[in-house]
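Trainee: Encoded as structure tokens, here's the structure I'll be asking about.
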Amino acid sequence: MLKRKIKYIDYNGVEREEDFYFNLTKADVAEMELTTVGGLEAMFDKISQTQDIPAVAKVLKGLIYKAYGEKSPDGKHFVRTPEVKEAFFDTEAYSELFTELVTDPVALNDFVRAILPKAPVAAEA
């Protein structure tokens, strides 16, 4: 799970800095892999080779949408309802995040790595 502090100016002109949460579960990644023709790696390779900027923007927006949620205080739930997601997408915080990621390949790579599920630790024999 990624806890990302984002600084932005709200629609009242007030500067804010808030924490936002992003996470993809193993099930999320498996579903994305199974529903993407050729798999995720093939899709990313194709986008990279063709430098298809509209595709990059679409995939990035989809990743942010899929990964965004609100963590429950007890840590048992990660709420990702459409209402929660749309509320985030209606903020300038989303705009700041999207703009950063689409213009900075290092930040994009770091973001994607941070939202992916951590690989399970192999048991020693």
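The values are calculated or read from the model by the stated rules, or taken from the named source; none is laboratory data. All of these numbers come straight from a predicted model, not from anything done at the bench. Note that each Cβ is placed from the backbone with ideal geometry, even for glycine, and that neighbours are counted across all protein chains shown. Side chains are part of the model used for accessible areas, which takes the heavy atoms of the whole protein and leaves out ligands, DNA and RNA. Shrake-Rupley method; radii C 1.70, N 1.55, O 1.52, S 1.80 Å.
Trainee: Might you check whether a residue that is β-branched (Val, Ile, Thr) and assigned to a helix (DSSP H, G or I) occurs anywhere in region 4-18?
Mentor: Looking only at region 4-18, we keep the residues that are β-branched (Val, Ile, Thr), and these are 6, 9, 14.
Applying the additional criterion that residues be assigned to a helix (DSSP H, G or I) yields none.
No, region 4-18 contains no residue that is β-branched (Val, Ile, Thr) and assigned to a helix (DSSP H, G or I).
Trainee: What are the residues in region 1-42 that are touching a residue at least 12 places away in the same chain (Cβ under 8 Å), open to solvent by 60 Å² or more (accessible area, probe 1.4 Å) and either under 14 Å from residue 66 (Cα atoms) or touching a Ser or Thr at 6+ places or on another chain (Cβ under 6 Å) (or both), if any?
Mentor: Matches in region 1-42: 1, 26.
Trainee: Any residue in region 28-43 that is closer than 14 Å to residue 94 by Cβ, in contact with a helix residue (DSSP H, G or I) (Cβ under 7 Å, 6 or more places away or on another chain) and not in a helix (DSSP H, G or I)?
Mentor: First, the residues of region 28-43 that are closer than 14 Å to residue 94 by Cβ: none.
Checked against the condition, which is being closer than 14 Å to residue 94 by Cβ, in contact with a helix residue (DSSP H, G or I) (Cβ under 7 Å, 6 or more places away or on another chain) and not in a helix (DSSP H, G or I), region 28-43 yields no hits at all.
Trainee: Continuing with the same structure: List pairs: first in region 69-80 and within 11 Å of residue 23 (Cα to Cα), second hydrophobic (A, V, I, L, M, F, W, C) and open to solvent by less than 90 Å² (accessible area, probe 1.4 Å), Cβ under 7 Å, 6+ apart or cross-chain?
Mentor: If the second residue must be hydrophobic (A, V, I, L, M, F, W, C) and open to solvent by less than 90 Å² (accessible area, probe 1.4 Å), the pairs left are 69/78; 69/79; 69/84; 70/79; 70/84; 71/78.
Trainee: Given the condition surrounded by fewer than 15 Cβ atoms within 10 Å (Cβ to Cβ) and either in contact (Cβ under 8 Å) with a residue 60 or more places away in the chain or touching a Ser or Thr at 6+ places or on another chain (Cβ under 9 Å) (or both), answer yes or no: does some residue in region 43-56 qualify?
Mentor: Looking through region 43-56, none of the residues is surrounded by fewer than 15 Cβ atoms within 10 Å (Cβ to Cβ) and either in contact (Cβ under 8 Å) with a residue 60 or more places away in the chain or touching a Ser or Thr at 6+ places or on another chain (Cβ under 9 Å) (or both).
Trainee: Take the residues in region 64-107 that are part of a helix (DSSP H, G or I), out of contact with any strand residue (DSSP E or B) (no Cβ under 7 Å at 6 or more places or on another chain) and of a type in the set (D, E, K, R), then tell me which one is surrounded by the fewest Cβ atoms within 10 Å (Cβ to Cβ).
Mentor: 83
Trainee: Hey, another quick one. So which residues in region 36-67 are in contact with an Asp or Glu (Cβ under 7 Å, 6 or more places away or on another chain) and either at pLDDT below 75 or small (Gly, Ala, Ser) (or both)? Show your work before the answer.
Mentor: We begin by selecting, within region 36-67, every residue in contact with an Asp or Glu (Cβ under 7 Å, 6 or more places away or on another chain); these are 39-40, 66.
Hits for region 36-67 are 39, 40.
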